[in-house]
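Novice: Here's a structure for you.
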Amino acid sequence: TSAAENGPLRLYAGKHIEVPAAFIAGDRDWGIYQTPGALAAMAERACTDFRGQHLISGAGHWVQQEKPGEVTDLLIQFLRS
């Protein structure tokens with residue numbers, strides 16, 4: 001059995017994100033490379049209304065602090081969609 005089946009995440013097993021969603025990260029954030037295929041799975045299977053994946057060039061884990069203008073532009077674009 002998986003950790004999700006036995007732990008506190010079991011409440012979310014088989015669930016989907018059913019509200020509009022987008023993903024914004026820095027292309028230098030090590031977290032996005034930890035589990036190959038995880039970002040694609042989020043877009044294809046986890047979210048029912050996925051509106052885009054955005055990797056901001058030159059930014060790391062603190063993308064909102066490193067590139068605030070670009071993050072703000074993407075958030076406004078998302079909110080308008």
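Novice: Do you know which residues across the range 35-81 are hydrophobic (A, V, I, L, M, F, W, C), assigned to a helix (DSSP H, G or I) and either at pLDDT below 95 or touching an Asp or Glu at 6+ places or on another chain (Cβ under 8 Å) (or both)? So that I can check it myself, show each step before the final result.
Specialist: To start, the set of residues in the range 35-81 that are hydrophobic (A, V, I, L, M, F, W, C) comprises 38-43, 46-47, 50, 55-56, 59, 62-63, 71, 74-76, 78-79.
Now restrict to residues that are assigned to a helix (DSSP H, G or I): 38-43, 46, 63, 71, 74-76, 78-79.
Answer for the range 35-81, where residues must be hydrophobic (A, V, I, L, M, F, W, C), assigned to a helix (DSSP H, G or I) and either at pLDDT below 95 or touching an Asp or Glu at 6+ places or on another chain (Cβ under 8 Å) (or both): Ala38, Leu39, Ala40, Ala41, Met42, Ala43, Ala46, Val63.
Novice: Sticking with this structure for a sec: Would you be able to say whether some residue in the range 14-24 is surrounded by 12 or more Cβ atoms within 10 Å (Cβ to Cβ), at pLDDT 90 or above, within 23 Å of Gln65 (Cβ to Cβ) and not hydrophobic (A, V, I, L, M, F, W, C)?
Specialist: No; the residues of the range 14-24 include none that is surrounded by 12 or more Cβ atoms within 10 Å (Cβ to Cβ), at pLDDT 90 or above, within 23 Å of Gln65 (Cβ to Cβ) and not hydrophobic (A, V, I, L, M, F, W, C).
Novice: Would you say Arg28 is basic (Lys, Arg), part of a helix (DSSP H, G or I) and either open to solvent by 50 Å² or more (accessible area, probe 1.4 Å) or at pLDDT below 85 (or both)? Outline the logic, then answer.
Specialist: Numbers: basic (Lys, Arg): yes; part of a helix (DSSP H, G or I): no; either open to solvent by 50 Å² or more (accessible area, probe 1.4 Å) or at pLDDT below 85 (or both): yes.
Considered against the rule, which asks whether it is basic (Lys, Arg), part of a helix (DSSP H, G or I) and either open to solvent by 50 Å² or more (accessible area, probe 1.4 Å) or at pLDDT below 85 (or both), Arg28 comes out as no.
Novice: Would you please list the contacts, defined by Cβ atoms under 8 Å and residues six or more apart or on different chains, that run from a residue in the range 43-60 that is under 15 Å from Ile24 (Cα atoms) to a residue that is open to solvent by 20 Å² or more (accessible area, probe 1.4 Å) and hydroxyl-bearing (Ser, Thr, Tyr)?
Specialist: These pairs meet every condition: Arg51/Ser81.
The values are calculated or read from the model by the stated rules, or taken from the named source; none is laboratory data. Every value quoted in this text rests on a predicted model; they were computed, and no experiment measured them. Please note: Cβ atoms are built from the backbone with ideal geometry, for glycine as well, and neighbour counts cover all protein chains shown. Note: accessible area is taken over every heavy atom of the protein model, side chains too, but ligands, DNA and RNA are not part of it. Shrake-Rupley method; radii C 1.70, N 1.55, O 1.52, S 1.80 Å.
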